[in-house]
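The values are calculated or read from the model by the stated rules, or taken from the named source; none is laboratory data. Since the structure is predicted, the reported quantities are computational estimates derived from the model, not experimental observations. Neighbour counts are summed over all protein chains in view; Cβ atoms, including those assigned to glycine, are modelled from backbone coordinates with ideal geometry. For accessibility, only protein heavy atoms count, side chains too; no ligands or nucleic acids. Shrake-Rupley method; radii C 1.70, N 1.55, O 1.52, S 1.80 Å.
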Amino acid sequence: ISQIIRPDGSLAVVARDGSESAIVKGAASTYALAQEAIASGRSIAQVIAARGLGEAVDMVRLAEAGAFTLPITHPDPTHLHLTGTGLTHLGSASARDAMHAKLEGAETLTDSMKMFRMGLEGGRPATGEVGAQPEWFYKGNGHTAIAPGAALTSPGFALDGGEEPELAGIYVIAPDGTPARVGWAVANEFSDHVTERINYLYLAHSKLREAAFGPEILLGDLPADVRGTSRIRRDGAVIWEKPFLSGEANMSHSFANLEHHHFKYTLF
């Protein structure tokens, strides 16, 4: 599902199944659909099926026209939290082997390596058990969430603008405080690695930047193996590119463990 901005400025929700895309009838927003699903005890897919689909749309043309906004928004942007967990991915096979060599050969480990090892050893607990806590950071709120295709802007005091592909879990909170997962989106966690490298205690400062996610939220389960390529183009030419791996098959933590350690805080 996606959200688009109509010519009159109102939101509409688009549902896509394969190559077929259409407007969800009577859906004011993704957030409204999610709250309707919670209130009625149904999945969002069931709510969409009950409402039915209306006008067919061309996703490529909508993207070219800049019609996509964030795939989910909150009526009050300050009530949308952007947070992340770090050191949760195993990386490529070569990176994995190099990391294991460091863990086995070093007498003293940095805090980052210790955290990575904790994830390897305890990030995927048995069902019903609690595993190791991941690294956690705060990115901002709905005011720093940038629509897909829009510009990511570095503040004037930034020392770096680092592109970082991510997988975003999208959640809404039910009226009784229960978190409910809407689905999954690709994301760009734009941060300042030069500031972070000055001193690890500057990590929090390095993360307080804009971030983008979308344009679509995948409903239901995420494939265990998610792969893509991150590219930077300048004047039409690719000047940097690198593959990325995500999904539980490529992670040291399970999603259940990450979700437990986030939502154990009543703040969220």
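Structural remarks
- If you model the range 17-64 as an ellipsoid using its alpha carbon gyration tensor, with each semi-axis the square root of five times an eigenvalue, the axes come out at 22, 11, 9 Å, biggest first.
- Cross-link partners of K25 among aspartates and glutamates (Cα-Cα below 14 Å; sequence separation of 8 or more within a chain): E36, E55
- Accessible-area composition of the chain, carbon plus sulfur, in percent [1.4 Å probe]: 54
- Within the chain, helix-based [θ] at 222 nm, where runs of 4 or more DSSP H residues each add -39,500 (n - 2.57), nearest 500: -7500 deg cm²/dmol
- Net length gained if the chain between R234 and T144 were fully extended (0.36 nm per residue, minus Cα distance): 30.0 nm
- Candidate lysines for bridging to K102, where Cα separation is under 29 Å - those fewer than 8 sequence places away on the same chain excluded: K114, K207, K242
- Between E163 and T83, the FRET efficiency from the beta-carbon distance, with R0 = 25 Å, is close to 0.85.
- Here the translational diffusion coefficient of the chain follows from Stokes-Einstein with Rh set to the Kirkwood radius across Cα pairs; for 25 °C and 0.890 mPa s it amounts to 121 µm²/s.
- Degrees, to the nearest 10: 30-40 long Cα axis against longest axis of the chain: 80
- Theoretical gain in end-to-end length, A224 to K25 [0.36 nm per residue, Cα-Cα removed]: 68.5 nm
- Accessible heavy-atom area order of V238, V182, highest first, probe of 1.4 Å: V238, V182
- Stretch in the chain that is longest and holds no trypsin sites (Lys or Arg not before Pro) that DSSP places in a loop and that have at most 15 other beta carbons within 10 Å: 43-263
- Centre separation in Å (Cα based) which lies between the range 3-17 and the range 223-268: 26
- Residues of the chain: accessible area per residue with a 1.4 Å probe, Å²: 56
- Rounded to 5, percent antiparallel among DSSP beta bridges of the chain: 95
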